[in-house]
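Participant: Encoded as structure tokens, here's the structure I'll be asking about.
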């Protein structure tokens with residue numbers, strides 16, 4: 001910041017070096033006689049022409065007399081104006097006037113520089129970006145990112161007007177529309193991309209189905225399901241397509257369909273995937289609705305090294321967390337009575353897989369809960385295997401245990417699994 005102001009002072013001094021000397025220099029006024037002589041000389045020439053015209057008989061004596069009177073009158077007026085201008089010139093060229101002008105310039109330049117920078121410049125933030133408040137910096141960053149995305153959309157739209165056969169650009173435009181939540185435009189763009197090679201890509205088909213669902217109030221329509229079924233024919237282990245097909249089956253109460261696709265999804269996920277526990281919770285939910293016994297073990301153990309928490313784990317006696325769940329007033333209107341509510345505990349550090357989870361509905365709110373080892377999804381990962389947990393409550397608009405945009409959620413700070421205070425959760429946040 002000091003460097004900035006040093007540069008400002010240097011530039012102001014340079015400008016004053018060029019401007020002040022001419023103002024302080026003593027001027028000699030030599031324009032008075034020159035201006036007066038010029039005026040008189042012009043009229044002398046006109047008098048001579050007038051006399052020659054009289055001698056040569058071009059004009060009569062009466063015309064000569066009238067013209068001469070006019071010339072003399074004009075001469076007096078013009079000489080008077082010349083003398084007035086000369087007097088003003090002498091005043092402006094006086095040493096005192098020059099000094100006054102120099103003082104005014106010396107004051108005006110620095111003052112005007114500061115005023116102009118304060119009005120149109122970036123202010124203190126432009127000099128010292130670190131002084132910008134965090135929320136302002138984030139807002140500016142989001143604004144710049146949006147402008148960049150908007151420019152990219154315009155470029156893609158212009159390009160596709162010239163070459164509508166570019167399937168890759170249609171896919172890129174569709175994904176950008178989807179990011180901007182312009183879901184209807186995204187669907188139209190995907191439909192342009194499908195006949196141009198997109199129908200052979202599981203990624204394009206699953207994204208197309210997702211856009212249809214978002215444009216249809218989060219409903220996986222028949223058209224969306226058909227696109228997803230085509231995607232899993234191309235790639236039988238496509239994660240997103242399997243997830244959405246299971247979700248569609250669950251939404252339509254076709255639980256065997258949901259079970260089939262989520263079992264395939266569970267098998268396709270890596271052993272160390274954080275989502276594997278959430279899929280297992282979904283599977284146990286469906287199995288319960290179908291009258292089947294829950295899955296109590298994972299199909300494969302995590303291959304990643306144990307976290308420090310896991311390595312040092314010591315079984316804890318009577319590990320449990322109790323509390324209550326309520327809805328915040330700001331988001332309560334967005335929750336429907338039949339929406340699913342998940343209350344879960346996960347380790348405060350380490351894997352995010354739920355250690356205990358229960359399932360309710362919005363119509364049960366407010367309610368009290370108790371999480372303990374009996375609600376573990378995996379016997380090797382229980383509440384008693386850690387000392388601190390984070391408790392969360394989420395209203396799932398789709399019924400999935402995995403978070404989705406539009407879900408309502410709240411997370412607690414870290415709490416002890418033994419001897420901790422009750423946790424009062426108020427769901428008040430909408431997931432983006």
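Participant: Specify the residue that is farthest from the chain's Cα centre (by Cα); the eligible residues are those in the range 373-394 that are assigned to a strand (DSSP E or B) and modelled with pLDDT of 80 or more.
Facilitator: If we take residues in the range 373-394 being assigned to a strand (DSSP E or B) and modelled with pLDDT of 80 or more, then 388 is farthest from the chain's Cα centre (by Cα).
Participant: Just one of 178, 223 is loosely packed, with under 15 Cβ neighbours inside 10 Å and either assigned by TED's automatic domain parsing to the domain that holds residue 352 or outside any loop (DSSP other than H, G, I, E, B) (or both); which is it?
Facilitator: Of the residues listed, the single one that is loosely packed, with under 15 Cβ neighbours inside 10 Å and either assigned by TED's automatic domain parsing to the domain that holds residue 352 or outside any loop (DSSP other than H, G, I, E, B) (or both) is 223.
Participant: Is it true that some residue in the range 253-260 is part of a loop (DSSP other than H, G, I, E, B) and surrounded by fewer than 18 Cβ atoms within 10 Å (Cβ to Cβ)?
Facilitator: Checked the range 253-260: at least one residue is part of a loop (DSSP other than H, G, I, E, B) and surrounded by fewer than 18 Cβ atoms within 10 Å (Cβ to Cβ).
Participant: Let me ask something else. Does residue 191 satisfy the criteria of being modelled with pLDDT of 85 or more and touching a helix residue (DSSP H, G or I) at 6+ places or on another chain (Cβ under 8 Å)?
Facilitator: Spelling it out, residue 191 is indeed modelled with pLDDT of 85 or more and touching a helix residue (DSSP H, G or I) at 6+ places or on another chain (Cβ under 8 Å).
Participant: Read through the list (1) closer than 24 Å to residue 261 by Cα; (2) crowded, with 20+ Cβ neighbours inside 10 Å; (3) touching a residue at least 24 places away in the same chain (Cβ under 8 Å), then give the number of the only condition that residue 359 fails.
Facilitator: Among (1) closer than 24 Å to residue 261 by Cα; (2) crowded, with 20+ Cβ neighbours inside 10 Å; (3) touching a residue at least 24 places away in the same chain (Cβ under 8 Å), the lone unmet condition for residue 359 is (2).
Yes/no matrix, rows are residues, columns are (1) in the same structural domain as residue 18 (by TED's automatic domain parsing); (2) closer than 29 Å to residue 49 by Cα; (3) modelled with pLDDT of 65 or more:
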| residue | (1), (2), (3) |
| --- | --- |
| 68 | yes, yes, yes |
| 72 | yes, yes, yes |
| 90 | yes, no, no |
| 96 | yes, no, no |
| 103 | yes, no, yes |
| 109 | yes, no, yes |
| 113 | yes, no, yes |
| 116 | yes, no, yes |
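Participant: List the number of the failed condition for residue 338; all other conditions in (1) farther than 16 Å from residue 282 by Cα; (2) at pLDDT 85 or above; (3) under 37 Å from the mean Cα position of the chain (by Cα); (4) surrounded by 12 or more Cβ atoms within 10 Å (Cβ to Cβ) hold.
Facilitator: Residue 338 satisfies all of (1) farther than 16 Å from residue 282 by Cα; (2) at pLDDT 85 or above; (3) under 37 Å from the mean Cα position of the chain (by Cα); (4) surrounded by 12 or more Cβ atoms within 10 Å (Cβ to Cβ) except (4).
The values are calculated or read from the model by the stated rules, or taken from the named source; none is laboratory data. Because the structure is a prediction, the values reported are computed rather than measured. Every residue, glycine as well, gets a Cβ built from its backbone with ideal geometry; the counts of neighbours run over all protein chains shown.
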